[in-house]
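Trainee: Pasting in a structure now, in structure tokens, and then I'll have a few things to ask.
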Amino acid sequence: MKKNKIKLFEFIILIVLLTYFILSTFCCGLFFKNKYTNENFTFYYNEIEKYNLINSDKNNLENYFEELSRKLKLNPFYKNEKKIKLLICDNYALYTFLSNINYKSIGITKTFGNYGFIVFNKTDFNTKEVISQNKKNNVRSFESVVLHESTHVFITKIHSLFNRFYLPSWKEEGICESIASESSYDIEKGLKNFLSDKSEKSPSYKYFLYRLSVLYMKNQEKLSYEKIINDKRNQNEILSTIKIIPYEEIEAWFY
């Protein structure tokens, strides 16, 4: 009898987890009041008032989505067959649910074949910013998050999921940060910390170093993104080389 109860409990937990996965991945559009669709992208969002918008309306917001769509198509990894759903949360609770409890992140990406799902943390369209629940380094422009996360989707199409297991996270994230042209970590502070060997464990600083590594390969070594992906060096080798380059020269890579 006790074993039967345990099995029943395990079955219920399995059903709950499966239901949560389906709702948070394939049925996520149910949690949004509005959507705007064009050729490759579908933007899901709630009532305009919830995004702290003032002196704006639905048409202006959708014009902004069209502008973002045009910029997404300029991504060097862009593939026309990719269809991306952008789920724009207006509160932390919704993001926590849809991000699979990854509540401190700015945004997350899920990919399935030719389909990508990008979930954005709490978004303020009045400032066009995404705000995470971290205590510091918690704000990025909405556009940069779109560019960063969509690059994950496009890279998945070019490099199969199997091959991506062999692509170091520093390299993939660094490429995404390079294309987004923005970091949540202050550039001047990041460079001073790096050149003075001052360590910091924050995810924001870690992503800053990812971006720095890729910018060196792209701007100093003049490597294409494809060659960066295939390069065999590890990040420590790249960072050691950067250390001997003058500050002003490194800083110029970011602008």
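Trainee: Pull out the extension gain between Asn75 and Lys128, defined as 0.36 nm times the separation in residues minus the alpha carbon to alpha carbon distance; nm, one decimal. Don't skip to the end; give the middle numbers.
Mentor: Numbers: separation 53, 0.36 × 53 = 19.08 nm, distance 2.02 nm.
The Asn75-Lys128 span can extend by a further 17.1 nm.
Trainee: If you take the square roots of the eigenvalues of the alpha-carbon gyration tensor of region 116-233 and sort them as a ≥ b ≥ c, do you get rounded (a/c under 1.5), prolate (a/b over b/c) or oblate?
Mentor: Values: a/c = 1.91, a/b = 1.14, b/c = 1.68.
Oblate.
Trainee: Ok, one more. So what does the Cα-only Debye profile of region 6-121 read at q = 0.10, 0.18 Å⁻¹, as log10 I(q)/I(0), no solvent term?
Mentor: -0.36, -1.00
Trainee: Under 19 Å from a point placed 7 Å out from the Cα of Lys104 along the Cα-to-Cβ direction: which residues of region 130-151 have their backbone N that close?
Mentor: Under cut-off, by backbone N: 130-140.
Trainee: Let me check something: with ligands and nucleic acids excluded, how do Glu237, Glu177 order by accessible area (1.4 Å probe), largest to smallest? Walk me through the intermediate numbers first.
Mentor: On the way: Glu237 90, Glu177 0 Å².
Result, largest first: Glu237, Glu177.
Trainee: Quick one: compute the contact order of the chain, relative version, from alpha carbon pairs under 8 angstrom and 6+ residues apart, as a percent. Can you show the working numbers first?
Mentor: Numbers: 327 pairs, mean separation 33.6, N = 255.
Reported as a whole number, the value is 13 percent.
Trainee: Now for a different question. Among the listed pairs Lys218/Lys243; Lys122/Lys222; Lys85/Lys128; Lys136/Lys192; Lys82/Lys128; Lys85/Lys122, which have their C-alpha atoms separated by more than 27 angstrom in this model?
Mentor: Working: Lys218/Lys243 16 Å; Lys122/Lys222 37 Å; Lys85/Lys128 18 Å; Lys136/Lys192 18 Å; Lys82/Lys128 25 Å; Lys85/Lys122 16 Å.
In this structure, Lys122/Lys222 lie more than 27 Å apart at Cα.
Trainee: Right, next: Just tell me, in residue order, which DSSP H segments of the chain are both 20 angstrom or longer along the helix axis (alpha-carbon based) and at least 1.0 in mean Kyte-Doolittle hydropathy.
Mentor: Length and hydropathy pass: 2-25.
Trainee: Classify region 67-129 as rounded, prolate or oblate from the Cα gyration tensor: take a ≥ b ≥ c as the square roots of its eigenvalues, call it rounded if a/c is under 1.5, otherwise prolate when a/b beats b/c and oblate if not.
Mentor: Numbers: a/c = 2.76, a/b = 1.42, b/c = 1.95.
Judged from the Cα gyration tensor, region 67-129 comes out oblate (a/c at least 1.5, b/c at or above a/b).
Trainee: How charged is the neighbourhood of Asn126? Take every other residue with its Cβ under 15 Å from the Cβ of Asn126, and add Lys/Arg as +1 and Asp/Glu as -1. Spell out each step's value before the answer.
Mentor: Working: positive: Lys50, Lys58, Lys122, Lys128; negative: Glu47, Glu49, Asp57, Asp90, Asp124, Glu129, Glu143.
Within the 15 Å Cβ shell, the charges total -3.
Trainee: Sticking with this structure for a sec: Where does the chain land at 222 nm, in deg cm²/dmol rounded to the nearest 500, when only DSSP H runs of n ≥ 4 count, each adding -39500 (n - 2.57), divided by all residues? Please report the intermediate quantities before stating the final value.
Mentor: Details: 11 runs with 121 residues, N = 255.
Helix-only estimate at 222 nm: -14500 deg cm²/dmol.
Trainee: What is the percent carbon and sulfur in the accessible area of the chain, measuring with a 1.4 Å probe over the protein chains and ignoring ligands?
Mentor: Details: 7640 of 13760 Å².
Carbon and sulfur atoms account for 55 percent of the accessible area of the chain.
Trainee: Can you give me the C-alpha center-to-center distance between region 7-66 and region 213-227, rounded to a whole angstrom?
Mentor: Value for the Cα centre distance between the two parts: 36 Å.
Trainee: Between Glu10 and Asn219, what is the FRET efficiency for a Förster distance of 51 Å, r being their Cβ-Cβ separation, to the nearest 0.05?
Mentor: Values: r = 54 Å, r/R0 = 1.05.
With R0 = 51 Å, the Cβ-Cβ based efficiency is 0.45.
Trainee: Treat every Asp and Glu Cβ in the chain as -1 and every Lys and Arg Cβ as +1, leave all other atoms uncharged, and give the resulting dipole magnitude about the Cα centre to the nearest 20 debye. It would help to have the intermediate numbers written out before the result.
Mentor: Details: 37 positive and 29 negative charges, 245 e Å.
Approximately 1180 debye in magnitude.
Trainee: For Cα extents along the principal axes in Å, the listed values are [x] 125, 36, 28; [y] 66, 58, 38; [z] 85, 48, 37; which was obtained by calculation from the structure presented?
Mentor: [y]
The values are calculated or read from the model by the stated rules, or taken from the named source; none is laboratory data. No experiment lies behind these values; they were computed from the predicted model shown. Neighbour counts are summed over all protein chains in view; Cβ atoms, including those assigned to glycine, are modelled from backbone coordinates with ideal geometry. Protein only, heavy atoms only, side chains kept; ligands, DNA and RNA dropped before computing areas. Shrake-Rupley method; radii C 1.70, N 1.55, O 1.52, S 1.80 Å.
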